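Take a look at the structure below.
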Amino acid sequence: MSILGKISNPNDIKELNKKEYDALASEIREFLVDKVSERGGHLASNLGAVELTMALHLCMDFPKDKLIFDVGHQAYTHKILTGRMNEFEHLREFGGLSGFPKTKESDTDSFNTGHSSTSISAAMGYAVARDMRGSDEKVACVIGDGSLTGGMAYEAINCLAQHRTGCVIILNDNEMSIDKNVGGLSKYLNSIRVGSAYNELKEGVENSLLATKVGTKVAKTLKHSKDTLKQFLVPGMFFEELGITYVGPIDGHNVDDLVSTIKSAFKLNKPIIIHVKTKKGKGYALAEKHPDYFHGVAPFYKDTGKLKTKKVTSTYTDMFGRHMVELGAKYDNLTAISAAMSIGTGLNRFSEVYPDRFFDVGIAEQHAVTFAAGMASAGMIPVVAIYSSFLQRSYDQILHDVCLQNLHVVFCIDRTGLVGQDGETHQGIYDVSYLSHLPNMTVLAPKNRVELIRMMDYAMECNGPVAIKYPRGSASKELMDVDTPIKYGKSEVVYKGEDIAIYSCGHMMEEALKLYNMLLDAGRKPTLINARFINIIDDELLVDITKTHNTIVTIEENVTVGGFGQMLMARLSNLSVDKVTHIDASIHAGKVEQGTIKELRHMLGIDAESIFHKVDNF
C-alpha cells in the first residue's frame, strides 16, 4: 500500500512513521499534478504548501482544532489529509469537490474563504470566542506574503496584539501572490530572508543568559537594549513592533522543523507569527519555473504543461489589454492601476509599453480606488482593472472617493457575471446591484468585442465615473455588423419586431440571440434590444416598446435584487405603464456555486431554452 493510501480519515497522518513523511509529500504532489492536470485547478500554490499542511495536521486535531486558509486556493493537501482524496475525481465540477475550503463540505474546514487578507481576522474571532467559552481548541491560520499587502491583515494584527489571545499565524512566504509581489512589504520580507545576523546573535545571547537564574533576571532588564539591537540588525522588526511574536524564517519543506516550531508556538498561548519559506510549484519542474501560469490552470498535459483544450486567444481581457496600449498613445494622461492582477486583467501589455504610467498596488483594492481618485483629481484618467468579485471590496471608496466627487475614473471590470468553477466567492453576479445606485456612475456592458472597444473609447471622453463590465472567456463575434454609435443613456435596437421585446445585458446577448431565433422559429416576431447602459433606462425607447409589445424579457447574469430587470420594471411603474408582462431572467439564488457556465445558466433558468419555456407559457 502507498503511504497516501493510509490516509482515509482526519488525523490518520499521526499514525505514520516519521520516516514516511518525505514519501507522503512526494505522493501528495504526484496526486495533485495528476488530478489538476485532469480537472484543472490551483496547482502551484498547493504544491508549495504540502509539507506545511502536513506539519499543521501533525500538530492539530481535526475537527476540534481550527485551521483557516487565507484565500483557500492552497487547501488541497488539507482536503486530502481529511479524507477527501477520492472526491478529487470531481474537483471543481458541478456538485463536486470545491477548490476552496467549504464548511458544508467537511467539519474539518473551519471557515469559507476565497478572497485574500481575511484569515487573521477570522482566526482571531475563533480564538476570542474560544476564550469566552473556556474551551481549549488550537487556532491557526495560513496567510501568504501576497495577502499581507491587503490592509485588513494589518487591522487584524493590530487588534490581535491588543487582545493577546492564543493564535498562530503561519506566514507562507513563497515570494509571490498571483503576480509578483510589489511594495515595501516585499522588500521587508526579502531583508528578513537574507538577514541572519540578528537571529544568530539573539539565539546565542538568550541561551547564555537563560542558563542561570541571575542570567534570567539580567535578560529581563535588557529588553530596551534588545529592542534597539533588533531595529539595528533587522529592519524595523515590523511584526514584533506591532506586538506579535515573530519566529523565522524557517524552511517550509522540512516537516520536522515545522512540527517542532508549530508545537512550541501553540504552547506559548499568545499571538505568534511563524515565517515559513516555501517554493511555489515545488516538485513539478514546470510549475516551479512558471508558477504564475500554473496558479490557476485548465486541464493540461503533464509532460509539456500545454493545455488540453485549445487556448482561447481573443478574450475580452485580451481585447481590453491591447486597446489600452492604443489608448495610451492617444491620451498621455492615461494611467492604469492593477491590484496584483496585471496578467489576469490584461494590463501587463500596458505595463510593458508605458511602465511609468502603470501601477500595481498589490492586493489592495480599496487603496487602488482612492489612489485612482487622487490621480483623477490631479487631471489624469486612471483606468482601474479589477475582477468583479474583488472590486466589491472597495465599495465605500467607489462611493465616497470617486462618485460623490464625480471624478473621471474608469473601472474596467473583468470576470463579470458567472465565472464558473471557482464557485460562489468568485462569481461576479453582484456588480450591477452595487454599482447602479451610486451617484454619477455610468455602468456599461458590451454585447461583443467591437462594442468593448467602442465603450472604452466612449469612457475616455466622459466627465465622471464609468464602469465597463465584461466576462471571462472568448470575446463574442456575434452581431459584428450591428454597430450603432454609443450615445449617453441610449439602448440599441438590434432587430425590430412586435409582441415580445428582449432586453439583453452585455454578454448575455449570446443567450438573447438564441432566444430570438427560437421565437422566430416558433412564429413570433420579437424585438431584440442591447441595453448597453445598464443603470440608465432608455425611456424614449421603453415607451415606444410598450405601445407595440405586451411582453418584455430582461436577460442578465446578475442577482435579481438591484438588477437591470428590477430597474426597468421600476421605470415602467414611474411611467405609469402597467399592462406589460415582465419575464425576468436573472439570478434569483442568493449565491451560485461551482460548475461550467452552461450548467449554471441552465440550473438558474437563464439560458435560452429555459427562458423560451417561460415565454411559451404566456
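Computed over the Cα atoms, what is the radius of gyration of segment 316-359 divided by 2.2 N^0.38 Å, N being its residue count?
1.00
So what is the relative contact order for segment 467-618, in percent, with contacts set as C-alpha pairs under 8 Å and at least six apart?
Numbers: 229 pairs, mean separation 34.2, N = 152.
Once normalised by length, the contact order is 22 percent.
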message = With θ taken as phi - 60° and the coefficients 6.51, -1.76 and 1.60, list the Karplus ³J(HN,Hα) couplings across segment 478-495 in order, rounded to whole Hz; mark glycine and proline as x.
response = 5, 6, 5, 7, 9, 9, 6, x, 7, 10, 3, x, 9, 7, 10, 7, 7, 9
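So how do Asp483, Asp431 rank on accessible area, 1.4 Å probe, biggest first, that is with the largest at the start?
Numbers: Asp483 65, Asp431 0 Å².
Ranked from most to least accessible, the order is Asp483, Asp431.
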request  = Name the residues whose placed amide hydrogens come within less than 5 Å of the amide hydrogen of Leu444, ignoring near sequence neighbours (fewer than 5 apart) on the same chain.
outcome  = Ala467, Ile468, Lys469, Ile534
request  = Arrange the peptides 410-418, 251-259, 275-283 so that the one whose residues have, on average, the most other Cβ atoms within 10 Å appears first.
outcome  = 410-418, 275-283, 251-259
request  = Compute the Cα gyration tensor for segment 475-618, then decide on rounded, prolate or oblate, letting a ≥ b ≥ c be the square roots of its eigenvalues: rounded whenever a/c is under 1.5, prolate when a/b is larger than b/c in the other cases, and oblate in all that remain.
outcome  = rounded
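Given R₀ = 45 Å, what would the calculated FRET efficiency be for Val353 paired with Ala589, taking r from the Cβ atoms and rounding to 0.05? If you can, show how the numbers build up before the last one.
Working: r = 42 Å, r/R0 = 0.93.
Rounded to the nearest 0.05, the efficiency is 0.60.
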request  = Compute the separation of the alpha-carbon centres of segment 379-405 and segment 476-548 and state it in Å as a whole number.
outcome  = 29
request  = Work through the residues other than Asp256 whose Cβ is under 12 Å from its Cβ and net out their charges, Lys, Arg +1 and Asp, Glu -1.
outcome  = -1
query = In the set [x] 1.07; [y] 1.17; [z] 1.90, which value of Cα Rg over 2.2 N^0.38 Å was calculated from the structure you see?
reply = [x]
message = Please list, by residue number, everything in segment 472-507 whose backbone N is under 20 Å from a paramagnetic label point 7 Å out along Cα→Cβ of Tyr331.
response = 485-490
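Run the accessible area of the chain with a 1.4 Å probe and give the carbon-and-sulfur part as a rounded percent.
Numbers: 13330 of 25540 Å².
Reported share for carbon and sulfur atoms: 52 percent.
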Charge context of Ser586, other residues only, Cβ under 9 angstrom, K/R +1, D/E -1 = -3
request  = Over the chain, average the accessible area per residue using a 1.4 Å probe and give it in Å², no decimals.
outcome  = 41
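Any idea what the dipole of the chain comes to, in debye rounded to 20, about its Cα centre with Lys/Arg Cβ at +1 and Asp/Glu Cβ at -1? Don't jump to the answer; show the numbers that get you there.
Working: 67 positive and 76 negative charges, 256 e Å.
For this selection, approximately 1220 debye.
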query = Where does the chain land at 222 nm, in deg cm²/dmol rounded to the nearest 500, when only DSSP H runs of n ≥ 4 count, each adding -39500 (n - 2.57), divided by all residues?
reply = -11500 deg cm²/dmol
query = Near the amide H of His549, under 5 Å away, which other amide H atoms are found, from residues 5 or more places off or on another chain, if H is placed in the peptide plane?
reply = Asp499
key: Most positive-pole-ward Cα, His367, Tyr395, Val409, against dipole of segment 334-422 from beta carbon charges   = Val409
remark   = Counting only residues 5 or more apart in sequence or on a different chain, those whose built amide H sits under 5 Å from that of Thr245 are Ile273
request  = Using Cα pairs closer than 8 Å and at least 6 residues apart in sequence, work out the relative contact order for the chain, in percent.
outcome  = 11
query = Could you give me the ³J(HN,Hα) list for segment 77-89, computed from phi with Karplus coefficients 6.51, -1.76, 1.60 and θ = phi - 60°, whole Hz, x at Gly and Pro?
reply = 5, 4, 5, 4, 6, 10, x, 10, 4, 5, 6, 5, 4
message = For the pairs Lys469/Lys496; Lys447/Lys579; Lys308/Lys514; Lys18/Lys302; Lys18/Lys591; Lys547/Lys614, flag any whose C-alpha to C-alpha distance is greater than 32 Å.
response = Lys18/Lys591
Relative contact order (%) - segment 551-614, alpha-carbon pairs under 8 angstrom, separation at least six = 37
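The values are calculated or read from the model by the stated rules, or taken from the named source; none is laboratory data. These figures come from a predicted structure and were not determined experimentally. Virtual Cβ from ideal backbone geometry, glycine too; neighbours counted across all protein chains shown. Please note that ligands, DNA and RNA were not included when accessible areas were found on the heavy atoms of the full protein model with its side chains. Shrake-Rupley method; radii C 1.70, N 1.55, O 1.52, S 1.80 Å.
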